[in-house]
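Undergrad: To start, I am sharing the structure in question, which I have written as structure tokens.
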Amino acid sequence: MEIRQVDEVKITKYILKATFEDWMDIAENDVVIVGAGPSGLSAAYYLAKKGLKTTVFERRLSFGGGIGGGAMLFHKIVIESPADQVLREMNIRLQRVEEGVYIVDSSEFMAKLASSAIDAGAKIVHGVTVDDVIFRENPLRVTGVAVEWTATQMASLHVDPLFIHAKAVVDATGHDAEVISVAARKIPELGIAIPGEKSAYSEVAEKLTVDNTGEVAPGLYAAGMAVTEVKGLPRMGPIFGAMVLSGKKVAEDIASTLLMKARNT
Ligand code: 48F
């Protein structure tokens with residue numbers, strides 16, 4: 001086998017050129033999603049399918065958020081209807097255990113959620129932490145995010161972030177609702193009060209989480225477990241239907257708002 005020889009500096013230049021072209025492009029977006037867990041990836045899939053320019057920033061070097069850890073590191077996930085429809089759309093295999101309740105393999109769930117979002121046209125950038133938002137007054141609105149390398153943060157280096165514009169920002173960071181928390185603290189005019197997540201009550205938590213998914217301040221949306229934190233709802237544990245349905249709902253809300261605005265301009 002003849003393996004093509006590539007000079008080291010060429011490798012460097014190809015990587016730098018392609019990366020900087022990407023960053024120039026993703027500096028302005030229709031939607032920025034923070035977190036590549038189940039809610040963020042589902043939202044990215046549905047937003048990109050609608051033709052909206054969607055970038056996901058994920059602080060880790062992996063996909064899936066809490067999916068991989070499952071419950072106590074067990075690698076099976078419970079999904080209930082109607083979320084199974086979303087998984088079927090992504091060719092994720094389901095094992096029925098009772099009417100409307102299914103078991104899914106966590107690695108397949110993570111991989112196919114991510115590949116579905118990417119194939120639909122979403123961009124996912126790893127190793128980047130969102131540590132703040134951008135806002136504008138008159139009208140008061142969140143207009144983007146501040147991003148920093150996760151590695152820089154871990155090293156506690158004093159480095160300024162870069163800023164990224166978006167017409168809508170989705171906090172899909174999970175239990176800590178990191179983006180909405182920082183916006184609530186630093187922009188009190190947004191009037192966001194965060195009651196915090198309640199203890200587990202799975203039977204009601206799934207529906208409440210999906211029903212409460214949406215805009216929490218102009219331009220700033222909550223999906224997944226960030227919703228339970230921001231709205232003071234109970235947690236549900238290792239059942240994931242609400243996570244993908246919440247991602248789908250936030251995508252539909254944002255798409256209808258942005259597409260309506262585009263029609264009216
Ligand atoms: O935690 P995570 O999976 O959030 P989710 O989509 O799903 C929650 C479930 O996994 C589970 C549950 C369901 O029953 O309770 O916990 O709401 O994924 C959140 C992702 O966001 C990343 C984090 O690494 C994870 O992959 N993340 C968190 N904060 C930031 C971030 C940040 N500031 N910047 C970038 N990524």
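The values are calculated or read from the model by the stated rules, or taken from the named source; none is laboratory data. Please read all numbers here as calculations on a predicted model, not as lab measurements. Heads up, the Cβs are rebuilt from the backbone with ideal geometry, glycines too, and the neighbour counts pull from every protein chain shown.
Undergrad: Answer yes or no: is there a residue in segment 13-24 that is outside any strand (DSSP E or B) and in contact with a strand residue (DSSP E or B) (Cβ under 9 Å, 6 or more places away or on another chain).
TA: Residues of segment 13-24 that are outside any strand (DSSP E or B), as a first pass: 13-24.
Among the residues that remain, those that are also in contact with a strand residue (DSSP E or B) (Cβ under 9 Å, 6 or more places away or on another chain) are: 22-23.
For segment 13-24, residues outside any strand (DSSP E or B) and in contact with a strand residue (DSSP E or B) (Cβ under 9 Å, 6 or more places away or on another chain): present.
Undergrad: Return the residues of segment 27-84 that are within 14 Å of the ligand (Cβ to nearest atom) and at positive phi; say none if nothing qualifies.
TA: 35, 64, 65, 70, 72, 73
Undergrad: What residue, of 47, 113, 61, is modelled with pLDDT of 95 or more, part of a loop (DSSP other than H, G, I, E, B), under 27 Å from residue 178 (Cβ atoms) and not polar (S, T, N, Q)? Write out each step before concluding.
TA: Numbers: 47 fails: part of a loop (DSSP other than H, G, I, E, B); 113 fails: part of a loop (DSSP other than H, G, I, E, B).
Among 47, 113, 61, only 61 is modelled with pLDDT of 95 or more, part of a loop (DSSP other than H, G, I, E, B), under 27 Å from residue 178 (Cβ atoms) and not polar (S, T, N, Q).
Undergrad: If you don't mind, there's one more thing I want to ask. Going through segment 133-154 one residue at a time, which ones are in a strand (DSSP E or B) and not hydrophobic (A, V, I, L, M, F, W, C)?
TA: Step one: filter segment 133-154 for residues in a strand (DSSP E or B), giving 133-136, 141-149.
Correct list: 136, 141, 143, 144, 148.
Undergrad: Suppose we keep only residues that are in a strand (DSSP E or B) and not polar (S, T, N, Q) within segment 27-44. Which one would you say is surrounded by the fewest Cβ atoms within 10 Å (Cβ to Cβ)? I'd like the intermediate steps shown before the answer.
TA: Taking segment 27-44 as the starting set, the residues that turn out to be in a strand (DSSP E or B) are 28-34.
Filter again for not polar (S, T, N, Q), leaving 28, 30-34.
Values: 28: 14, 30: 21, 31: 26, 32: 26, 33: 38, 34: 29.
Among residues in segment 27-44 that are in a strand (DSSP E or B) and not polar (S, T, N, Q), the one surrounded by the fewest Cβ atoms within 10 Å (Cβ to Cβ) is 28.
Undergrad: If I go through segment 251-265 residue by residue, how many of them are out of contact with any strand residue (DSSP E or B) (no Cβ under 9 Å at 6 or more places or on another chain), of a type outside the set (A, V, I, L, M, F, W, C) and either under 21 Å from residue 113 (Cα atoms) or assigned to a helix (DSSP H, G or I) (or both)?
TA: Qualifying residue count for the region: 4.
Undergrad: Is there any pair with a first residue in segment 56-67 that is more than 14 Å from residue 44 (Cα to Cα) and a second that is more than 6 Å from the ligand (Cβ to nearest atom) and not in a helix (DSSP H, G or I) whose Cβ atoms are under 6 Å apart and which are 6 or more apart or on different chains, and what are they?
TA: 61/126; 61/127
Undergrad: Something else: Looking only at segment 208-245, filter to residues that are surrounded by fewer than 19 Cβ atoms within 10 Å (Cβ to Cβ) and either near the ligand (Cβ under 9 Å from one of its atoms) or assigned to a strand (DSSP E or B) (or both); which one of those is farthest from the chain's Cα centre (by Cα)?
TA: 234
Undergrad: Need the failing condition index for residue 2 against (1) more than 28 Å from residue 175 (Cα to Cα); (2) assigned to a helix (DSSP H, G or I), just the number.
TA: Unmet for residue 2, out of (1) more than 28 Å from residue 175 (Cα to Cα); (2) assigned to a helix (DSSP H, G or I): (2).
Undergrad: Every residue in segment 190-207 that is part of a helix (DSSP H, G or I) and either within 11 Å of the ligand (Cβ to nearest atom) or under 22 Å from residue 257 (Cα atoms) (or both), please.
TA: Initial filter on segment 190-207 (part of a helix (DSSP H, G or I)): 190, 202-207.
Listed by number, the residues that qualify are 190, 202, 205, 206.
Undergrad: Taking residue 248 as the residue in question, decide whether it is modelled with pLDDT under 95 and either more than 15 Å from the chain's Cα centre (by Cα) or not in a loop (DSSP other than H, G, I, E, B) (or both).
TA: Numbers: modelled with pLDDT under 95: no; either more than 15 Å from the chain's Cα centre (by Cα) or not in a loop (DSSP other than H, G, I, E, B) (or both): yes.
Criteria not met by residue 248.
Undergrad: If a residue has to be surrounded by 16 or more Cβ atoms within 10 Å (Cβ to Cβ) and of a type in the set (Asp, Glu) to count, how many in segment 106-130 make the cut?
TA: So the count comes out to 1.
Undergrad: Same structure, new question: Answer yes or no: is there a residue in segment 117-128 that is free of Cβ contacts under 8 Å to residues at least 60 places away in the same chain, more than 16 Å from the ligand (Cβ to nearest atom) and of a type outside the set (Lys, Arg). It would help to see each step written out before you state the result.
TA: Initially, segment 117-128 is screened for residues free of Cβ contacts under 8 Å to residues at least 60 places away in the same chain, giving 118-119.
Next, only the ones that are more than 16 Å from the ligand (Cβ to nearest atom) stay: 119.
Retained after the next criterion (residues that are of a type outside the set (Lys, Arg)): 119.
Looking for residues that are free of Cβ contacts under 8 Å to residues at least 60 places away in the same chain, more than 16 Å from the ligand (Cβ to nearest atom) and of a type outside the set (Lys, Arg), one finds at least one in segment 117-128, hence yes.
Undergrad: Next question. Among the residues of segment 9-22, are any under 13 Å from the mean Cα position of the chain (by Cα), surrounded by 11 or more Cβ atoms within 10 Å (Cβ to Cβ), on the phi < 0 side of the Ramachandran plot and hydroxyl-bearing (Ser, Thr, Tyr)?
TA: As a first pass, look at segment 9-22 and keep what is under 13 Å from the mean Cα position of the chain (by Cα): none.
No, that holds for no residue.
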